[in-house]
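Please treat every number below as a calculation from the coordinates, not as lab data. This one's a predicted model, so the numbers in the text were calculated from it and none came from an experiment. Positions of Cβ are backbone-derived with ideal geometry, glycine not excepted, and every protein chain shown enters the neighbour counts.
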Amino acid sequence: ADGIVAAGARALRHADAVRRLEVRANADTPEDAARARRFGAQGIGLCRTEHMFLGERRKLVEEMILARTDAQRARALGALLPLQRRDFVGILEAMDGLPVTIRLLDPPLHEFLPDRTELAVRVATADARGEPPTAHDTELLAAVDRMHEENPMLGLRGVRLGLVVPGLVAMQVRAIAEAVVQRVRAGGAPHAEIMVPLVGAVEELRLAREEVEQVLARIGEETGVPVRCPVGTMIELPRAALTAGRIAEEAEFFSFGTNDLTQTAWGFSRDDVEAEFFAAYLDKGVFTASPFETIDRDGVGRLVRIAVDEGRAARPGLTIGVCGEHGGDPESVHFFHAAGLDYVSCSPFRVPVARLEAGRATLTGTDVSDSR
Ligand code: PEP
Ligand code: MG
């Protein structure tokens, strides 16, 4: 067994010496970040922030989204700020010296709203007992009905949420910037990057970015510590890929969200990959592998290539990565190498495989020019 471990370590060293692709990890807790680092990740390519709003913090999120007054919303955001700051300090500390790409909140709304059935039962039960339901429950039910979406994955998510919930982007960016300042003052070398999700039009990114830059500048003035965080975007909608040249005017980096890009390009639900027709499609040879696992070179891959070309034509040297599940899939890693990406980002456990495949991709010699 020792021989196998030594051979593995040798292969990884060899791959690291030749590979062009950087390998980062998707991690959103200090523990995951530390694990990613042990597996050789060169940064965090995707720090999702959704889980940071669950559990005990859910009540505050409900309050933030359903607030009737600015004061109510401000109170909820004010309570969330120190919690978020602590989240980011821990992750930046674990990844000190390496880039950490923090993505602004991107939940499908239904995951954060209170459960409608539960609420409706509470209201109806009170009614049946001849008691008036609490004003809070009645209001909440009305708000949930008002915000109901038939297709939450195509609804108020990502940048859309940031643009319509006042103060949300500012709170997250303030938490990131204050965490950076705290780490700088502790003698660390934090490298936070801010990533805007689910952008389909340059105007969305422009609006979000303006708010981000304002907050960063303000924290710099308040603390006397200049905070420089690159601001970039996910490319995870076909429209984003097709208009990547425009979007690059506002983006300092791109990261492909191939989970959503596959979902929206094929029109398949990423949450129903167990559906029977998927197995039937594999049987019938419509595809040879699930497009959610291995990049679909002809369709989704074509969108990736268009976005890389357009993005770099508009902004030479634009840093481009991928942080969807495909970032840790061996065959897909070869595709991303050939498409000229700068890095892949995958779950911590897949980092060693991605490092090996990135090395093999260099050695087998396909690059942007000869695989088109
Ligand atoms: C993606 O869509 O590929 C992605 C990385 O974001 P998420 O999985 O969080 O939607
Ligand atoms: Mg996504």
- Starting with the highest mean, order 139-149, 184-194, 283-293 by the number of other Cβ atoms within 10 Å, averaged over the residues of each peptide. 184-194, 139-149, 283-293
- Item | Only Lys, Arg (+1) and Asp, Glu (-1) charged, at Cβ; segment 108-265 dipole about Cα centre in debye | 380
- Message: Would you calculate the convex hull of the Cα atoms in segment 147-247 and tell me its volume per residue in Å³?
- Response: 106
- For segment 283-372, take the alpha-carbon Rg, divide it by the Kirkwood Rh, and send me Rg/Rh. 0.97
- Task: Enumerate the amide H contacts of Val273 below 5 Å, restricted to partners 5 or more residues apart or on another chain; note that Pro and chain-start residues carry no placed amide H.
- Result: none
- Between the helical axis of 116-128 and the dominant principal axis of the chain, each derived from Cα atoms, what acute angle in degrees is found, rounded to the nearest 10? 20
- Treating the angle as unsigned and between 0 and 90°, give the value, to the nearest 10°, between the Cα long axis of helix 300-314 and the longest Cα principal axis of the chain. 90
- Rounded to the nearest 20 debye, dipole of the chain from Cβ charges on Lys, Arg, Asp, Glu: 1060
- Message: Kirkwood Rh over alpha-carbon pairs of the chain, then Stokes-Einstein at 10 °C and 1.306 mPa s: what D in µm² s⁻¹, rounded to an integer?
- Response: 72
- Where the Cα atoms of segment 138-205 are projected onto their three principal axes, how long is each span, largest first, in whole Å? 49, 33, 17
- Assuming R0 = 25 Å, can you tell me the calculated FRET efficiency for the pair His14 and Ala189, based on Cβ-Cβ distance, to the nearest 0.05? 0.30
- Query: Can you tell me the Rg and the Dmax, both Å, for the Cα atoms in segment 1-71?
  - Reply: 20.1, 65
- Message: How large is the translational diffusion coefficient of segment 44-152 in µm² per second when you combine the Kirkwood radius over alpha carbon pairs with Stokes-Einstein at 4 °C and 1.567 mPa s?
- Response: 81
- Task: Run the numbers on segment 279-372 and let me know its relative contact order in percent, using alpha-carbon pairs under 8 Å that are six or more apart.
- Result: 25
- How far is the Cα center of segment 16-46 from the Cα center of segment 170-235, in Å? 21
- In nm, to one decimal, how far is the Leu282 label point from the Glu31 one, both placed 7 Å along Cα→Cβ? 3.1
- Query: Pulled fully out, how much extra length does the chain show between Asp96 and Val121, if you take 0.36 nm times their separation in residues and subtract their Cα-Cα distance?
  - Reply: 4.1 nm
- Message: Once each part is reduced to its C-alpha centroid, what is the distance from segment 84-101 to segment 120-167 in angstrom?
- Response: 34
- Each label sits 7 Å from Cα toward the beta-carbon; between Glu50 and Arg75 the label points are separated, in nm, by 2.9
- Using 1/(1 + (r/R0)^6) with R0 = 25 angstrom and r between the beta carbons of Glu213 and Arg58, what's the FRET efficiency to the nearest 0.05? 0.25
- Using 0.36 nm per residue of separation minus the Cα-Cα distance, give me the extension gain between Glu131 and Arg270 in nm, one decimal. 45.7 nm
- Query: Mind ordering 93-101, 114-122 by average Cβ neighbours within 10 Å, highest first?
  - Reply: 93-101, 114-122
- In debye, nearest 20: dipole of segment 10-110 around its Cα centre with unit charges on the Cβ of K, R (+) and D, E (-)? 260
